Each structure stands twice: as structure tokens, then as C-alpha cells.
1. Looking at the structure I just gave you, is LEU55 at pLDDT 90 or above and farther than 17 Å from GLU109 by Cα?
2. Could you pull out the residue among PRO65, PRO34 that is surrounded by 15 or more Cβ atoms within 10 Å (Cβ to Cβ) and either farther than 30 Å from LEU211 by Cβ or modelled with pLDDT under 50 (or both)?
3. Somewhere in the stretch 136-147, is a residue farther than 26 Å from ASP216 by Cα, of a type outside the set (A, V, I, L, M, F, W, C) and outside any loop (DSSP other than H, G, I, E, B)?
4. For the stretch 99-135, which positions are without any contact (Cβ under 8 Å) to a residue 24 or more places away in the chain, farther than 20 Å from TYR218 by Cα and not polar (S, T, N, Q)?
5. Could you tell me how many of the residues in the stretch 109-137 are in contact with a helix residue (DSSP H, G or I) (Cβ under 7 Å, 6 or more places away or on another chain) and farther than 30 Å from ASN180 by Cβ?
6. Residue check, GLN166 against (1) out of contact with any helix residue (DSSP H, G or I) (no Cβ under 9 Å at 6 or more places or on another chain); (2) assigned to a loop (DSSP other than H, G, I, E, B), all met but one. Which one?
7. For ASN180, are the conditions met, namely being assigned to a helix (DSSP H, G or I) and more than 15 Å from GLU151 (Cα to Cα)?
Amino acid sequence: MKTKRILVLSLILVLLIPFTAWAQEQTQTTQKTPIEKIIELVVENNPTLQSQRDLIKEIEEMPAPGSGFIDIEALESVTETGGIQTPLLSMIQLEDIREAMLARKDVLEKARQSYESLKKSLLTELLTNLAELSKLENKERSLTQLQSFLESRAESLTQQVKAGLQQPSTLYDLTERIMNTAMEIENTIEEIKTLKLQTAITIGGNKWKELLQMLDEYKIIL
């Protein structure tokens with residue numbers, strides 16, 4: 001009996017392992033990248049895009065011309081044989097309604113096109129800034145590595161100067177280079193902070209602080 005129970009449990013485990021692995025794979029597949037999360041936040045909260053979405057929604061929710069007393073679907077697709085049964089409206093009125101419907105459709109289409117154009121422009125600006133941030137962060141890393149190398153070199157050179165193997169002027173030149181590198185690192189860090197803040201405030205809307213935090217946390221690689 002005990003052996004049978006062990007076999008049953010083993011079979012259950014064998015059946016569950018593939019499902020567990022599949023579930024983990026699906027979770028990893030659907031996990032969003034840092035850039036996708038940033039783009040999602042910007043698109044959802046940018047005030048310009050929000051305003052355009054509100055306009056589209058307002059147009060979509062407006063009553064269609066002639067709604068309530070005319071068959072709109074029939075008016076949109078008049079057949080050659082049947083026509084439309086609207087005894088209370090003249091053909092001129094029907095034509096006016098049809099033109100109003102076409103005008104409404106045109107306004108809605110233009111509003112949607114404008115939204116896509118605004119979104120494309122906004123995301124282009126975002127990705128341009130992210131690329132610049134990536135470049136500045138790479139510059140900072142390179143300068144930091146250079147500074148570390150120069151400082152190690154300075155320690156070695158100091159010992160050589162004390163031993164009379166090198167002229168003091170050589171150490172002075174190296175010290176000046178270390179100071180210039182440190183200053184360049186500070187300037188680069190300030191550039192990064194300024195660009196992050198500018199990006200967050202300009203396109204992040206009410207969620208600019210959250211966007212700023214994301215820019216600080218994520219290492220953007222483009």
C-alpha cells in the first residue's frame with residue numbers, strides 16, 4: 001500500500017513539473033522590460049495624450065446625427081432595391097444627416113490620426129533623451145575607470161619621486177589630470193540629473209516623480 005502511494009505521488013510530480021516550468025516561462029515571457037514600463041507610464045499619463053484621448057472619447061460618445069428617429073445603419077448602407085423607409089424626413093433632410101455622419105466620421109478619424117502623431121512625436125523625444133542618458137552614463141563610467149587608473153598611477157609615481165627615480169613635475173602633471181577628470185565626472189553627473197529631471201517633468205505628467213525614480217533605477221541600454 002505504501003509503495004502504491006509513493007508511485008501515485010511520483011506520477012503527480014512528473015505531471016506537475018512540466019506545467020510549473022511552462023508557467024515560469026510564461027511569466028518570464030510576459031515580464032516587461034524597463035523601457036516598456038517607462039513608455040507605458042508616459043503614454044498613460046502624459047497630459048497632451050490624455051487630452052487627445054478625452055477628445056476622441058467625447059466624439060465617439062456624441063449621439064449620431066439622426067439617431068433616435070432614423071435607422072442609422074440603413075442610412076450608412078443604402079441598397080439599390082430597398083432604400084430607407086423614413087416617411088417623416090425628406091430626401092434633403094436625409095442627405096443632410098448623411099453628410100453630418102460623414103463629417104463626424106472624418107473628425108473622429110482626424111482626431112485619432114492626431115493622437116498617433118502626438119504619441120509618435122512624444123516617444124521619439126523620450127527615446128532620444130534615453131539614448132542621451134545612456135551615452136552620458138557610459139561617459140561617467142569611463143571617466144570613473146580612468147580616474148581610478150590615474151590614482152593608482154599617482155600612488156606608484158609618488159613612491160618613485162620619493163626614491164628619486166622621477167621628477168616631481170611628473171607627479172604634478174598627473175595630479176592636475178586627476179583633478180580635471182574628477183571635475184569632468186561631476187559635470188557629467190549633473191548633466192545626467194538635469195536631463196532626467198527635464199524628461200520626467202516635461203513628459204511624465206502627474207506621474208513625473210515616478211518616472212524620475214524609474215529613470216534613476218533602470219540602467220537604460222539602447
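The values are calculated or read from the model by the stated rules, or taken from the named source; none is laboratory data. None of these values were measured; they are calculated from a predicted model. Cβ: placed from backbone, ideal geometry, glycine included. Neighbour counts: every protein chain shown.
1. Working: at pLDDT 90 or above: yes; farther than 17 Å from GLU109 by Cα: no.
For LEU55, the condition - at pLDDT 90 or above and farther than 17 Å from GLU109 by Cα - is not met.
2. Working: PRO34 fails: either farther than 30 Å from LEU211 by Cβ or modelled with pLDDT under 50 (or both).
Of PRO65, PRO34, the one residue that is surrounded by 15 or more Cβ atoms within 10 Å (Cβ to Cβ) and either farther than 30 Å from LEU211 by Cβ or modelled with pLDDT under 50 (or both) is PRO65.
3. Within the stretch 136-147, the first condition is being farther than 26 Å from ASP216 by Cα, and the residues that meet it are none.
No - not one qualifying residue is present in the stretch 136-147.
4. Taking the stretch 99-135 and keeping what is without any contact (Cβ under 8 Å) to a residue 24 or more places away in the chain, we get 99, 102-103, 105-106, 109-110, 113, 116-117, 120-121, 124, 128, 135.
Filter once more, so that each one left must be farther than 20 Å from TYR218 by Cα: 99, 102-103, 105-106, 109-110, 113, 116-117, 120-121.
Hits for the stretch 99-135 are GLU99, LEU102, ALA103, LYS105, ASP106, GLU109, LYS110, GLU116, LYS120.
5. Qualifying residue count for the region: 10.
6. Checking GLN166 against (1) out of contact with any helix residue (DSSP H, G or I) (no Cβ under 9 Å at 6 or more places or on another chain); (2) assigned to a loop (DSSP other than H, G, I, E, B), the one that fails is (1).
7. Values: assigned to a helix (DSSP H, G or I): yes; more than 15 Å from GLU151 (Cα to Cα): no.
No: the conditions fail for ASN180.
Table: residues versus (1) within 15 Å of ILE38 (Cβ to Cβ); (2) among the basic types (Lys, Arg); (3) at pLDDT below 95.
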| residue | (1), (2), (3) |
| --- | --- |
| ILE185 | no, no, no |
| THR188 | no, no, no |
| GLU191 | no, no, no |
| LYS196 | yes, yes, no |
| ALA200 | yes, no, no |
| ILE203 | yes, no, no |
| TRP208 | yes, no, no |
| LEU212 | yes, no, no |
| ILE220 | yes, no, yes |
